[in-house]
1. Hey, can you tell me all the residues within the stretch B:32-62 that are away from every other protein chain (no Cβ under 13 Å) and of a type outside the set (A, V, I, L, M, F, W, C)?
2. Could we say that A:G243 is open to solvent by less than 50 Å² (accessible area, probe 1.4 Å) and within 13 Å of another protein chain (Cβ to nearest Cβ) here?
3. Across the stretch A:52-85, what is the number of residues that are among the charged types (D, E, K, R) and open to solvent by less than 40 Å² (accessible area, probe 1.4 Å)?
4. Pick out the one residue from B:H242, B:H194 that is part of a loop (DSSP other than H, G, I, E, B) and open to solvent by 20 Å² or more (accessible area, probe 1.4 Å).
5. Out of the residues in the stretch B:125-139 that are in contact with a Lys or Arg (Cβ under 8 Å, 6 or more places away or on another chain) and either free of Cβ contacts under 8 Å to residues at least 40 places away in the same chain or open to solvent by less than 30 Å² (accessible area, probe 1.4 Å) (or both), state the one that is nearest to the other protein chains (Cβ to nearest Cβ).
6. Could you please give the count of residues in the stretch A:86-122 that are closer than 16 Å to A:A50 by Cβ and open to solvent by 70 Å² or more (accessible area, probe 1.4 Å)?
7. In the stretch B:76-97, which residues are at the interface with another protein chain (Cβ under 9 Å from one of its Cβ atoms) and either over 17 Å from the mean Cα position of the chain (by Cα) or open to solvent by 40 Å² or more (accessible area, probe 1.4 Å) (or both)?
8. Note down all Cβ pairs under 8 Å where the first residue falls in the stretch A:213-228 and is under 20 Å from A:R251 (Cα atoms) and within 11 Å of chain B (Cβ to nearest Cβ), the second is assigned to a helix (DSSP H, G or I) and open to solvent by less than 60 Å² (accessible area, probe 1.4 Å), and they're at least six residues apart or on different chains.
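The values are calculated or read from the model by the stated rules, or taken from the named source; none is laboratory data. Predicted model, so just to flag it, every value in this text is computed and none were measured. Every residue, glycine as well, gets a Cβ built from its backbone with ideal geometry; the counts of neighbours run over all protein chains shown. Just so you know, the surface numbers come from the protein's heavy atoms only, side chains and all, with ligands and any DNA or RNA stripped out. Shrake-Rupley method; radii C 1.70, N 1.55, O 1.52, S 1.80 Å.
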Amino acid sequence: MIKSLHVALLETKIFLKDKAGLAFSLLLPIAIFSLMYGAFGGQTLFYGTAHVVNLDDSGAHAQSLIDQLNEVENLDIVMLTEAEAQRKLDRSDILIAFYIPEDFSADIESGQSTQLSIRQRGNGGSEGQITASIFRSIVEGMNQQLQVHAKVATSVAASGASQQQINTVVENYTATEQQTVSVNTLEQGESPDPVNEFLPGIVTMFILFGISMNARALYEERKRGTLERLITTRLSITQMFAGKFIAYVLRGFIQTLILFSLAYAVFGMFTPASFFQALVLSLMFSGAAGSFGLIIGSISKSEGQAIWMAVFFTMTMVMLGGTFFPIQEGTVLHYISKLSLNTYINDALKSIVVHNNSLASVWPEILIMAGVIVAGLLLSRYLFRVIAT
Amino acid sequence: MPDEFLTAENLHKSFNEVRAVNGVTFSISRGEIFGLLGPNGAGKTTTIRMLSTVLEPDKGDVNIGGYSTRTSAAEARAILGVCPQDLALYEDLSAMDNLVFFGRMSGLDSKAAKDQAETNLKLMGLADRAKGKIAKFSGGMKRRINLAVSLMGNPELLFLDEPTVGIDPQSRNNIYETIEGLRDKGMTILYTTHYMEEADRLCNRVAIMDGGQIIAMDTPEGLKKQIGDPGKVTLEDVFLHHTGRSLRD
């Protein structure tokens, strides 16, 4: 055991001397986490932009439509000329634009029907679809008001009421009208915290990235002959692998500790209990990832092989683990995702961090990771012996 | 042979279809320096790797100090040291760190490893560079550290695989003197080299390998006598006599 600890200490010393590697493994996770939080986090409401081409510059109804769009919360209105809109659509700078035709107000005033246009690339994108829905809803409301106005005007035409009186009646009527069918939104708890959603995936992704460093380190040690030299000492291969394993786990654990501490300090994430439990889970996952690093390092015959095998493994695990996109239950991908270690660790971490469950509730995931650690260490030791001889 | 410390019996090793070692048999007495000579690809390094327990022979057996490397590899490793042909050091660490680490791996406790590291650094004339990073050392200094590492743990048998390749005469001389000092202390050494004058100077007996087999084995003088007047014939003449003058890969 002492010899293994010496190997672990040596690995750690070498790791700390490699400033670039150190920066990559410790600072990059923080940078990526901050970027992802900046890009997706902090705001769960919809924010969008409606690009409007108004060809009816002086029309009162066109202005009314634009005013109503402006009143929508979280929707910015950008006015474009027809040529600008065309160019932006051609270049995919925007995916959707709303056109108010030249005779829009005049047609409405004269009682004729008129048509607004929406031009879009493909389906207009998710933001475009939401914006179009808002636009249609406003147009629908406007349409109803105009129809009511026309009916009132027709029914009171014989009484000699003035246009002003008709407008007042219509406004009062539409303002006090009881809706037959309406929707009531009830709030059930707070919005999910994006930090809680992102963090498990990012932590596990970076622990997995460590596989590449571990595999490369083992290959490099073999290449420079120190591995063979170690074999001729009293150090057994099992002790040597145990030492390297400890160093890899320690490295992953330090990464995790930094990210979790950051999340705790900056975002107020974790309770003391969930902090500790999440660290325990990450330690287990670091162990599983460390054993994979040893397997890849044992079978790699070049640095390129070590790195690319690790990258392939890491990306596959991350994708299947649902870090970048959710995987729906019942789909084929859902069953395939069971092959990914990330699926288990992400689920377990979310259970602890988001739902405040205890480690006891994620024992199947812990058991799976423990199994992977044992199997990975045995397999890597066997493969190393086979390749070495 | 009296007090045989190492015996290699009928060693065979193939890699895929290539026979690297094909029936090598020899023994080394305690306190002897045994030279293993041969052109490139003769099978010297593969033989040393089998003797030092890195490779398992396809056939045959190795016995070191009474321990078979097949059945008692750990015990055999406890009494051997290896100075590999290529430098096997942690370049990012200091000379002292390298020596202490390998000392610990050879079974020394912390204080003994540090004491022996200091002694070996003095022996190699590198005491003042103990804290220097290996990556910053010259080729000769690295070679000397490579040898110093192999001495950690007081091995009884030392494998030296071309320890003087590519270094200046001063470093080479330091290594010669160190090896002679080890011989005087009774250490058993297996030595491979391409420098014939080196083998002539240091070795009690020499084996010449080619094509995975030992084709000649005797004292340097005995080998010279086999082909002419020992006063006029050099070990290089003997070597070329046995292995020919055709170029090797």
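1. Result: B:E32, B:G35, B:G38, B:P39, B:N40, B:G41, B:G43, B:K44, B:T47, B:K59, B:G60, B:D61.
2. Numbers: open to solvent by less than 50 Å² (accessible area, probe 1.4 Å): yes; within 13 Å of another protein chain (Cβ to nearest Cβ): yes.
Considered against the rule, which asks whether it is open to solvent by less than 50 Å² (accessible area, probe 1.4 Å) and within 13 Å of another protein chain (Cβ to nearest Cβ), A:G243 comes out as yes.
3. In the first step, residues of the stretch A:52-85 are kept if they are among the charged types (D, E, K, R); the result is A:56-57, A:67, A:71, A:73, A:76, A:82, A:84.
Narrowing the set further to residues that are open to solvent by less than 40 Å² (accessible area, probe 1.4 Å) leaves A:56.
Result for the stretch A:52-85: 1.
4. Numbers: B:H242 fails: part of a loop (DSSP other than H, G, I, E, B).
Only one candidate qualifies: B:H194.
5. First pass over the stretch B:125-139, keeping only residues in contact with a Lys or Arg (Cβ under 8 Å, 6 or more places away or on another chain): B:125-126, B:134, B:137.
From the residues that got through so far, the ones that are either free of Cβ contacts under 8 Å to residues at least 40 places away in the same chain or open to solvent by less than 30 Å² (accessible area, probe 1.4 Å) (or both) too are B:126, B:134, B:137.
Details: B:L126: 19, B:I134: 11, B:F137: 14 Å.
Filtering the stretch B:125-139 for residues that are in contact with a Lys or Arg (Cβ under 8 Å, 6 or more places away or on another chain) and either free of Cβ contacts under 8 Å to residues at least 40 places away in the same chain or open to solvent by less than 30 Å² (accessible area, probe 1.4 Å) (or both), the one nearest to the other protein chains (Cβ to nearest Cβ) comes out as B:I134.
6. Looking only at that region, the number is 5.
7. Selection gives B:Q85, B:D86, B:L87, B:Y90, B:E91, B:D92, B:L93, B:D97.
8. Short answer, once both residue conditions are applied: A:E221/A:L227.
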